[in-house]
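To keep things clear, I will list the structure first and then write my remarks on it.
The values are calculated or read from the model by the stated rules, or taken from the named source; none is laboratory data. From a predicted model like this one, the values you see are computed outputs, not experimental measurements. Glycine gets a Cβ as well: all are built from the backbone with ideal geometry, and neighbour counts include every protein chain shown.
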Amino acid sequence: MECLALPVLPAETDGGSVVLGPGADEASEALGVDLLGVLEGMAATGRAGEITRVPVLVGEWRLVLLVGVGDLSSTSFRRAGAALARAVKDRASVATSIASIAPPAEFRAFVIGTMLGSFEFHWRSEGAKARPVPRVVLAGLDESPTHRDELRLALALGGAGWRSRLLATVPSNLKNPAWLADQAVEMAAPAGLAVRVWDEKELAEQGFGGILGVGRASATPPRLIQVSYEPSAEHGSDLRHVVLVGKGITFDSGGLSIKPAQGMATMKRDMTGGAVVLATMAALADVGCRVRVTGLVAAAENAVGGDALRPGDVITHFGGRTSEVNNTDAEGRLVLADAMAYAVAELEPDVLVDVATLTGAMKVALGLQTGGLFANDEVLAQRLLECGDAAGEPLWRMPLAADYEEKLESKVADADNAAGGPGAITAALFLQHFTGGLPWAHLDIASVGDSTSDRHEWTEGPTGFGPRLLLDWLGQAEPLAAVGAR
Ligand code: BES
Ligand code: MN
Ligand code: ZN
């Protein structure tokens, strides 16, 4: 069935009437329905994402959806898009004038919301429970380059969000480190990226003791995945270089410091940081990124076995720094440390950003709707906070409080991997030792990695939080400007 969706704006004055957007008068007339009267009868408010369904008979039944667009902000348009996408699942198509009343950034948000609200993943033998609408017609747009550019951007950002969510949703009986590396190889060619993958033998030869240690009890050995993006030559040769590092734990059982069953339930998606890095890399060309970007994913399964790391073991990271593994469940920092040390030693980055579902403490601190940001650089922190707000992936800055540094001390190694509370902060302090003093930001997305319900553009389950904010940032990054200024 074909659907029509029209925007509803809240009343301008207290007690006034909601306002219907473009196309409403024509539709009311053609369909013989007083749409405004329906809204009043339903006590519609026009708040973002509110949906009023009006079935009409015009030869055959058609569905008219009246969609609240709230205060006309990006957030409201994103939510309106997501609500519309949910309301038109299993329909053949929807035509809407909503996009035509949105300025460029809000237009982009609407399209992204529509894409992500449609997200579905299933392996049901009898087919999907519901199918995303295959066709969305954006009516009333002019043919301006702005709209075309914004649409291209929206498809890149929405697509990256979809991809990271999809990777995080795949179950761990399929998604092992080698599989993740294959995904990187597969997405690299069409996105114009170079890929390099280290297998367990190469990791051992080159001293990646963190990745190897965490991955050693698994039947599926670890990988380090490197994906590289070079902007086109017209931007010059001495470009800034951003390195993104993602935690790619394809399943986190906790290792010998094993998790209780409930804590393990969502751990197939402990590679969300890695998925975010891959999805971001694949979309860099589409957002016209003008800086060099290298993505690293430290992929390992944190399993239990006779060969597993024991509490108290000491491992040596890439470059020689050592960690006492007092809790094998604090594995994310061990694999990230190797990748970060490698980046600093070999890749000459100007900026480092790591993304990881790192600590349960982040959930306690920020709840489930806000990601944690740690940064040693004011300019970088500010940019990421702004991009997070604009993209609908909000971050809150946490302190790299030096007073807790003493908690990391170990009698037998450079650091203890399980320094304890405040857990998100001590984890960030642990990582800071692997930044070589470069401008660095750490996104602890454990808080936002999983949604407990369908909510705005999130669907229940893995959220894939991060690529929209990173692409917003990298798409606008100046090729030669200092990225950080401390
Ligand atoms: N992957 C977990 C963190 C996590 C918890 C992500 C809940 C998403 C939801 C991480 O590897 C972990 O287990 N961290 C421990 C660290 C502790 C042992 C120092 C934690 O947060 O409990
Ligand atoms: Mn863990
Ligand atoms: Zn983990």
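Figures for the structure shown
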read-out	value
Positions within segment 266-299 being of a type outside the set (Val, Ile, Thr), closer than 20 Å to residue 224 by Cα and not in a strand (DSSP E or B), in sequence order	267, 268, 269, 270, 271, 273, 274, 275, 278, 279, 281, 282
Unique residue being within 16 Å of ligand 1 (Cβ to nearest atom), in a helix (DSSP H, G or I) and farther than 17 Å from residue 198 by Cα when the list is 310, 333	333
Residue 95 among the small types (Gly, Ala, Ser), in the same structural domain as residue 53 (by TED's automatic domain parsing) and surrounded by fewer than 17 Cβ atoms within 10 Å (Cβ to Cβ)	yes
Selection count, segment 224-257, where residues are of a type in the set (A, V, I, L, M), over 26 Å from residue 330 (Cβ atoms) and either in contact with a Ser or Thr (Cβ under 6 Å, 6 or more places away or on another chain) or in a helix (DSSP H, G or I) (or both)	1
Residue, farthest from residue 211 (Cα to Cα), within segment 336-370, restricted to residues that are within 13 Å of ligand 3 (Cβ to nearest atom) and assigned to a helix (DSSP H, G or I)	363
Qualifying residue in segment 30-49 (condition: under 26 Å from residue 457 (Cβ atoms), of a type in the set (A, V, I, L, M, F, W, C), surrounded by 15 or more Cβ atoms within 10 Å (Cβ to Cβ) and modelled with pLDDT under 95)	no
Positions within segment 328-343 being within 9 Å of ligand 2 (Cβ to nearest atom) and either closer than 9 Å to residue 431 by Cβ or in contact with a strand residue (DSSP E or B) (Cβ under 6 Å, 6 or more places away or on another chain) (or both), in sequence order	331, 332
Positions within segment 240-265 being more than 10 Å from ligand 3 (Cβ to nearest atom) and among the β-branched types (Val, Ile, Thr), in sequence order	242, 243, 245, 250, 258
Among (1) aliphatic (A, V, I, L, M); (2) within 16 Å of ligand 1 (Cβ to nearest atom); (3) surrounded by fewer than 24 Cβ atoms within 10 Å (Cβ to Cβ) - the single one residue 344 does not satisfy	(2)
Set 351, 276: member being in contact with a Pro (Cβ under 7 Å, 6 or more places away or on another chain) and within 20 Å of residue 437 (Cα to Cα)	351
Residues of segment 364-404 satisfying the condition of being more than 16 Å from ligand 1 (Cβ to nearest atom), within 28 Å of residue 312 (Cα to Cα) and either crowded, with 17+ Cβ neighbours inside 10 Å or in contact (Cβ under 8 Å) with a residue 40 or more places away in the chain (or both)	400
Residue identified as of a type in the set (A, V, I, L, M, F, W, C), within 16 Å of ligand 1 (Cβ to nearest atom) and farther than 15 Å from residue 242 by Cα among 287, 297, 304	304
Count of residues meeting criterion [without any contact (Cβ under 8 Å) to a residue 60 or more places away in the chain and either of a type in the set (Gly, Ala, Ser) or on the phi > 0 side of the Ramachandran plot (or both)] in segment 438-466	1
Near pairs, Cβ below 6 angstrom, 6+ apart or cross-chain, from segment 316-340 (closer than 11 Å to residue 417 by Cβ and acidic (Asp, Glu)) to any residue that is within 8 Å of ligand 1 (Cβ to nearest atom) and part of a strand (DSSP E or B)	331/302
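Quick grid of which residues meet (1) of a type outside the set (Gly, Ala, Ser); (2) buried (at least 24 other Cβ atoms within 10 Å of the Cβ); (3) within 12 Å of ligand 2 (Cβ to nearest atom):
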| site | (1), (2), (3) |
| --- | --- |
| 282 | no, yes, no |
| 305 | no, no, no |
| 314 | yes, no, no |
| 320 | no, no, no |
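Rundown of residues vs (1) within 25 Å of the chain's Cα centre (by Cα); (2) farther than 22 Å from residue 283 by Cβ; (3) within 16 Å of ligand 1 (Cβ to nearest atom), yes/no style:
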position	(1), (2), (3)
219	no, yes, no
238	no, yes, no
241	yes, no, no
244	yes, no, no
248	yes, no, yes
254	yes, yes, yes
